[in-house]
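Student: Here it is, the structure in full.
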Amino acid sequence: MKVILLSAAIGKGVSSKSGAPKHYAFSSVSYLVPEKDFIQGDHNIQKCGYEPKSVSMIDNQELYNKFKKITSENGICEVDLVLQPDPENMSRNIVSDVQLVK
């Protein structure tokens, strides 16, 4: 899936906000997609530019490092995200790899 890459994030830790310590982990990719007009019935909303979106990625430091290298060398750029079914929710996809579009 070709997208314009904004950023990637990975993190884990222990939250104590709600009393008992609770472990957390997250990993995600932020990207841009072209805006789409919305026309339905009496509604006609025209849009241009890009809309930010995000998708989960596998919790893998090597994959995060690959995103970091791409963004460090290229800034905001076009990439090809490789998706696979999310093992925690088979109705969603999760990023499993990334390649810079040349």
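Student: For residues that are among the small types (Gly, Ala, Ser) and loosely packed, with under 14 Cβ neighbours inside 10 Å, scanning just region 55-102, find the one that is farthest from SER7 (Cα to Cα).
Tutor: Looking at the filtered set, the residue picked out is SER91.
Student: Among the numbered conditions (1) in contact (Cβ under 8 Å) with a residue 40 or more places away in the chain; (2) basic (Lys, Arg); (3) assigned to a strand (DSSP E or B), tell me where ARG92 comes up short.
Tutor: Of the numbered conditions (1) in contact (Cβ under 8 Å) with a residue 40 or more places away in the chain; (2) basic (Lys, Arg); (3) assigned to a strand (DSSP E or B), the odd one out for ARG92 is (1).
Student: So, one more: Scan region 31-49 and tell me whether some residue there is among the hydrophobic types (A, V, I, L, M, F, W, C), under 14 Å from the mean Cα position of the chain (by Cα), in a strand (DSSP E or B) and surrounded by fewer than 15 Cβ atoms within 10 Å (Cβ to Cβ).
Tutor: yes
Student: How many residues are open to solvent by less than 40 Å² (accessible area, probe 1.4 Å) and either out of contact with any Asp or Glu (no Cβ under 7 Å at 6 or more places or on another chain) or aromatic (Phe, Trp, Tyr) (or both) if we restrict to region 4-30?
Tutor: 9
The values are calculated or read from the model by the stated rules, or taken from the named source; none is laboratory data. Computed from a predicted model, the values in this text were never measured in an experiment. All Cβ positions, glycine included, derive from the backbone under ideal geometry; neighbour counts span all protein chains shown. When the accessible area is computed, the model is the full protein with side chains, heavy atoms only, and any ligands, DNA or RNA have been set aside. Shrake-Rupley method; radii C 1.70, N 1.55, O 1.52, S 1.80 Å.
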